[in-house]
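Colleague: Have a look at the structure that comes next, please.
The values are calculated or read from the model by the stated rules, or taken from the named source; none is laboratory data. Because the structure is a prediction, the values reported are computed rather than measured. Note: ideal-geometry Cβ built from the backbone for every residue, glycine included; neighbour counts use all protein chains shown. Surface accessibility is based on the protein's heavy atoms, side chains included, excluding ligands, DNA and RNA. Shrake-Rupley method; radii C 1.70, N 1.55, O 1.52, S 1.80 Å.
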Amino acid sequence: TDRDLLSHKLRTGEESEAVVASGSLDSDWARLPQELLLHIFQYLPLLDRAYASQVCRRWNQAFHMPELWRCFEFELNQPASSYLKATHPDLIKQIIKRHSNHLQYVSFKVDSSTESAEAACDILSQLVNCSLKTLGLISTARPSFMEVPKSHFISALTVVFVNSKSLSSLKIDDTPVDDPSLKVLVANNSDTLKLLKMSSCPHVSPAGILCVADQCHGLRELALNYHLLSDELLLALSSEKHVHLEHLRIDVVSENPGQHFHTIKKSSWDAMVRHSPKFNLVMYFFLYEDEFGPFFNEEIPVTHLYFGRSVSKEVLGRVGLHCPRLVELVVCANGLRPLDEELIRIAKHCTQLSAIGLGECEVSCSAFVEFVKMCGRRLSQLSIMEEVLIPDHKYSLDEIHWEVSKHLGRVWFPDMMPTW
């Protein structure tokens, strides 16, 4: 591509040598309008930008234009334990020295090592002159931020919370953030915070989340663990003076077999729907089969539902009866008992369903065709593993894709690999 060719020439010096040889450096490349030079630099990877900055003084000045440093991802990896590329330490020092006040949209991507997470905290603690709008802390493998001393992490995060007066998006999943630090966040960014993702944060209590809900009236997207969800929180989010959530994501995760889960009242969910009738409720379940007792016994306004572990026929039957707002359903595993009745029930009662994915489970070809026929062309995404479909007296595997395609109004084949 043109971008790759330009990057290659800048790295090798081929382009600049050709221009110098032709005697046109002063009249062409060195005199590009600044806005055009900025536009070109924005398309270049960071390393290529650094090479380009060595071509001439003007390109070096362009390399340091504030517009190029508003969005930056720090990649922190230990060479001995990671194959991922890392942001060079010298560049990090230069960013902190010359561009920290330009940073607005920042993320940290760290590997599984504690050293990388500690390095991220060290950088955060030095961002005293910046006012971030977005911050994301991403662990690419195991949650390495949890291995950092809590006091070190909280101190570094507090620096950002205090100095960033317009933080709108915060993604801090799998971190030791706690209630006092959330209070600092709210005290300095309550008018601007719109997105908060903090699943698997064991030091946060329901009271800490309530503090956020009570103060951040612009909140539009919230992601947290089920143990932080409560009737009080839903009622707070449903108050007339309060936020109008667009997305609420809940991760329901079992740490140990047999774990007990509390029940959310139907009246609390009803209040949420009345207040924000178009909000999406996304739920990820990673439970053992005997832990689903508190769920789907009454109507729940879930729109996107994902089962990451095996789920029983009984639970899927309850989903069909009590999830009328369901838009997307993914079942990664079920077992060897056919889900014919459950799938038909879902098609009948979940009239907004438009996407479904089925993995390690079984459905007869006849029941599957009937399901597709009932849902019709509103099924925009149909991802079904081939081994899920069991041939019967009516359809073989060779025949079923024609019948399903007819009802969908487009060509369809079973998947060989899961796409969700």
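Colleague: Please state which one of 177, 148, 184 is of a type in the set (Val, Ile, Thr), farther than 23 Å from residue 242 by Cβ and either out of contact with any helix residue (DSSP H, G or I) (no Cβ under 8 Å at 6 or more places or on another chain) or open to solvent by less than 60 Å² (accessible area, probe 1.4 Å) (or both).
Modeller: Unique residue meeting the criteria: 148.
Colleague: Then there is this: Could you check the stretch 315-333 and list, in sequence order, the residues that are open to solvent by 10 Å² or more (accessible area, probe 1.4 Å), closer than 14 Å to residue 284 by Cα and in contact with a Phe, Trp or Tyr (Cβ under 7 Å, 6 or more places away or on another chain)?
Modeller: 332
Colleague: Is it the case that the stretch 331-349 has a residue that's modelled with pLDDT of 95 or more and out of contact with any helix residue (DSSP H, G or I) (no Cβ under 8 Å at 6 or more places or on another chain)?
Modeller: Taking every residue of the stretch 331-349 in turn, none turns out to be modelled with pLDDT of 95 or more and out of contact with any helix residue (DSSP H, G or I) (no Cβ under 8 Å at 6 or more places or on another chain).
Colleague: Residues of the stretch 243-275 being under 18 Å from residue 212 (Cα atoms) and either assigned to a strand (DSSP E or B) or touching a His at 6+ places or on another chain (Cβ under 6 Å) (or both), which ones?
Modeller: 243, 247, 248, 249, 250
Colleague: List pairs: first residue in the stretch 111-124 and of a type in the set (S, T, N, Q), second residue buried (at least 20 other Cβ atoms within 10 Å of the Cβ) anywhere in the structure, Cβ distance under 7 angstrom, at least six positions apart or on different chains.
Modeller: Sorted first by the residue in the stretch 111-124, then by its partner, the pairs are 112/144; 113/144; 114/144; 114/148; 116/76; 116/77; 116/110; 116/144.
Colleague: Taking the stretch 371-391, which residues are surrounded by 14 or more Cβ atoms within 10 Å (Cβ to Cβ) and either assigned to a loop (DSSP other than H, G, I, E, B) or small (Gly, Ala, Ser) (or both)?
Modeller: 379, 383, 391
Colleague: Here is a check on your reading of the model: is residue 312 in contact (Cβ under 8 Å) with a residue 12 or more places away in the chain, in contact with a Leu (Cβ under 9 Å, 6 or more places away or on another chain), open to solvent by less than 40 Å² (accessible area, probe 1.4 Å) and of a type in the set (Ser, Thr, Tyr)? Lay out the reasoning, then the answer.
Modeller: Values: in contact (Cβ under 8 Å) with a residue 12 or more places away in the chain: yes; in contact with a Leu (Cβ under 9 Å, 6 or more places away or on another chain): no; open to solvent by less than 40 Å² (accessible area, probe 1.4 Å): yes; of a type in the set (Ser, Thr, Tyr): yes.
For residue 312, the condition - in contact (Cβ under 8 Å) with a residue 12 or more places away in the chain, in contact with a Leu (Cβ under 9 Å, 6 or more places away or on another chain), open to solvent by less than 40 Å² (accessible area, probe 1.4 Å) and of a type in the set (Ser, Thr, Tyr) - is not met.
Colleague: Next up: Modelled with pLDDT under 95 and within 23 Å of the chain's Cα centre (by Cα): does that describe residue 282? Walk me through it before giving the result.
Modeller: Working: modelled with pLDDT under 95: no; within 23 Å of the chain's Cα centre (by Cα): yes.
Criteria not met by residue 282.
Colleague: Also, I was wondering about something else. For the stretch 134-156: of the residues being within 17 Å of the chain's Cα centre (by Cα) and not in a strand (DSSP E or B), which is nearest to residue 70 (Cα to Cα)?
Modeller: Let us first name the residues in the stretch 134-156 that are within 17 Å of the chain's Cα centre (by Cα), namely 134-143.
Imposing the further condition that a residue be not in a strand (DSSP E or B) reduces the set to 140-143.
Details: 140: 23, 141: 27, 142: 28, 143: 27 Å.
So the residue we want is 140.
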